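Throughout, read-outs are computed from the coordinates displayed, never taken from laboratory work. Just so we're clear, the structure is a prediction, and the values are computed from it rather than from any experiment. All Cβ positions, glycine included, derive from the backbone under ideal geometry; neighbour counts span all protein chains shown.
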Amino acid sequence: MADADLSGRRVLAIVTNYGVEQDELVVPVEHLRERGADVTVAAVEDGPVETLVGDKDPGKSIRPTTTVGQVDASDYDLLIIPGGTINADQLRLDEAAVGIVSTFEAEGRPIAAICHGPWALVEAGIVDGRRLTSYASLETDISNAGGRWVDEAAVVDDSRQPTIITSRTPKDLDDFVREVEQVLA
């Protein structure tokens, strides 16, 4: 697939301020910006986002664009939910973050989640009847929420709106980013 021109497309990435897996945030954001997309990184709190590598080693410090509470989810074409165990566990407990997921689902706009990111989809109650992947430890959570978990690098479920794109780990980022770009284009 040729690199898509994503000019005019708006993407929202939601994260907590500590514990997001560095590459699961940085790689998609940089890739989409390079193709012309306007990408907003919304953190739960104002202040830097301290990423981790492998859930334990300090990563890059990222300056978010805004906070989750200040975002109007209706302004965006696609939602990205990166993983990182700490990030995803705290994000699913944040009412505003779960509300953003619910808004995207209600308005039928695509959602992309990687690694532990699908926890937010489970929390928002939108996985029932959907085919998803994630970090392996979420298989039971997804199954208990009515989803069908599969062990594949990237899964695109477009069986109903919204389209949901999921991937397992940072090792699957090439596949994840490719599918996100294709859905966004």
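Under the classification rounded if a/c is under 1.5, otherwise prolate if a/b is larger than b/c and oblate if not, where does segment 3-53 fall, given a ≥ b ≥ c as square roots of the Cα gyration tensor eigenvalues?
Working: a/c = 3.65, a/b = 1.80, b/c = 2.03.
Verdict is oblate for segment 3-53.
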* Counting Lys and Arg as +1 and Asp and Glu as -1, each charge on the Cβ, what is the dipole of the chain about the Cα centre in debye, to the nearest 20? -> 140 debye
* Asked: Say the dipole of the chain comes from +1 at the beta carbon of Lys and Arg and -1 at that of Asp and Glu; which of Thr40, Thr66, Ile165 then lies farthest toward its positive end?
  -> Ile165
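When a/c reaches 1.5 or more, the comparison of a/b and b/c decides; with that in mind, is segment 87-167 rounded, prolate or oblate per its Cα gyration tensor? Walk me through the numbers before you get to the answer.
Numbers: a/c = 1.59, a/b = 1.11, b/c = 1.43.
Taking the square roots of the gyration eigenvalues as a ≥ b ≥ c, segment 87-167 is oblate.
Quote the relative contact order of the chain in percent (integer), defining contacts as alpha-carbon pairs under 8 Å separated by 6+ residues.
Numbers: 449 pairs, mean separation 36.8, N = 185.
Worked out over the chain, it gives 20 percent.
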* Bridge type composition, the chain - antiparallel percent by DSSP, nearest 5 -> 25 percent
* **P(r) weight above 21 Å for the chain, C-alpha pairs, percent** => 41 percent
* Show that you can apply the helix-only estimate: for the chain, add -39,500 (n - 2.57) for every DSSP H stretch of four or more residues, divide by all residues, and state [θ] at 222 nm to the nearest 500. => -9000 deg cm²/dmol
* Using Cα centres only, tell me the gap between segment 160-185 and segment 103-132 in whole Å. => 12 Å
